[in-house]
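Below: one structure, written as structure tokens.
The values are calculated or read from the model by the stated rules, or taken from the named source; none is laboratory data. Everything numeric here is computed off the predicted structure, so don't read it as measured data. Positions of Cβ are generated from backbone atoms using ideal geometry, with glycine treated the same way; all protein chains shown enter the neighbour counts. Note: areas computed on protein heavy atoms with side chains; ligands, DNA, RNA excluded. Shrake-Rupley method; radii C 1.70, N 1.55, O 1.52, S 1.80 Å.
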Amino acid sequence: MSESKLYEEKLFNGMQQALNNHNTKMAQEYLAQIKTKTSNKYLQQRAEITVAFLTNNIDKLNDEFKKSVIDKLNSHPNWIKDIDALRLFNTSLLILPNDKVEVEMRLFFIKIAHTERISESMKERYAILCCNYLGWRYKKKPKINDNVTNALKYLKDLASTAHFENYKICGKYFNHLFNNEIDTAKQMKSDLLALGITVGVKNWPI
């Protein structure tokens with residue numbers, strides 16, 4: 001990567017860490033750096049959504065901003081293969097209209113089903129999206145639809161390696177939730193937190 005891309009990646013990782021730790025001050029500091037020291041529109045929009053989420057101000061993001069996010073995604077011919085666009089969609093689940101999310105997820109699963117070779121790093125990014133979608137969907141409407149079924153299957157079918165284990169566990173947790181096995185899901189989350197596994201787990205809905 002170029003020096004500017006490496007710097008953007010550093011800022012992205014810092015913002016992601018702030019989100020995982022629910023560190024609002026840290027997120028606001030990274031947002032200021034991202035807005036003043038980069039020209040990456042995807043990264044800027046992601047940072048703004050993240051800070052709005054952490055400060056409980058998602059509803060204050062105006063329609064113009066939301067439209068700019070949708071326009072940015074629509075401007076990319078195949079966002080699932082572009083890391084910046086994929087990350088933006090991942091974060092934008094918090095603000096996009098429900099029908100837009102469902103349509104894009106349906107297209108996402110169609111596209112990856114027709115992709116012959118997917119690198120391990122992209123498989124991981126797709127797994128992150130599946131976990132985030134399942135969390136979003138459960139909070140919106142805890143009912144199984146085709147996208148939920150496909151997301152659960154994607155996570156279940158990941159290779160049984162240490163690299164993917166966190167995502168497979170995420171899939172098992174949401175499988176319990178969507179099948180109304182609430183006590184099992186709660187116990188699973190409690191056990192993971194007791195082991196000190198907090199990244200991602202803290203944001204699980206129950």
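Can you say whether K186 is in contact (Cβ under 8 Å) with a residue 24 or more places away in the chain and more than 17 Å from the chain's Cα centre (by Cα), as far as the supplied structure shows? No; evaluated as a whole, the condition is false for this residue. Scanning segment 155-178 for residues that are touching a residue at least 24 places away in the same chain (Cβ under 8 Å) and either among the polar types (S, T, N, Q) or touching a Leu at 6+ places or on another chain (Cβ under 9 Å) (or both) gives L155, F164, N166, Y167, C170, G171, Y173, F174, L177, F178. Of the helices (runs of 4 or more DSSP H) lying entirely inside segment 11-125, those containing at least 3 residues that are surrounded by 15 or more Cβ atoms within 10 Å (Cβ to Cβ), among the β-branched types (V, I, T) and in contact (Cβ under 8 Å) with a residue 12 or more places away in the chain are 41-54. Hey, does segment 179-198 have a residue that's more than 24 Å from I80 (Cβ to Cβ), in contact with a Lys or Arg (Cβ under 8 Å, 6 or more places away or on another chain) and either of a type outside the set (S, T, Y) or open to solvent by 60 Å² or more (accessible area, probe 1.4 Å) (or both)? Yes. Of the residues screened, N98 is not one that is farther than 20 Å from L31 by Cα and modelled with pLDDT under 85. Residues in segment 132-168 that are open to solvent by 40 Å² or more (accessible area, probe 1.4 Å), part of a helix (DSSP H, G or I) and among the hydrophobic types (A, V, I, L, M, F, W, C): none. Would you mind telling me which numbered condition in (1) touching a Phe, Trp or Tyr at 6+ places or on another chain (Cβ under 6 Å); (2) open to solvent by less than 40 Å² (accessible area, probe 1.4 Å) L129 fails? Answer for L129: the failing condition is (1).
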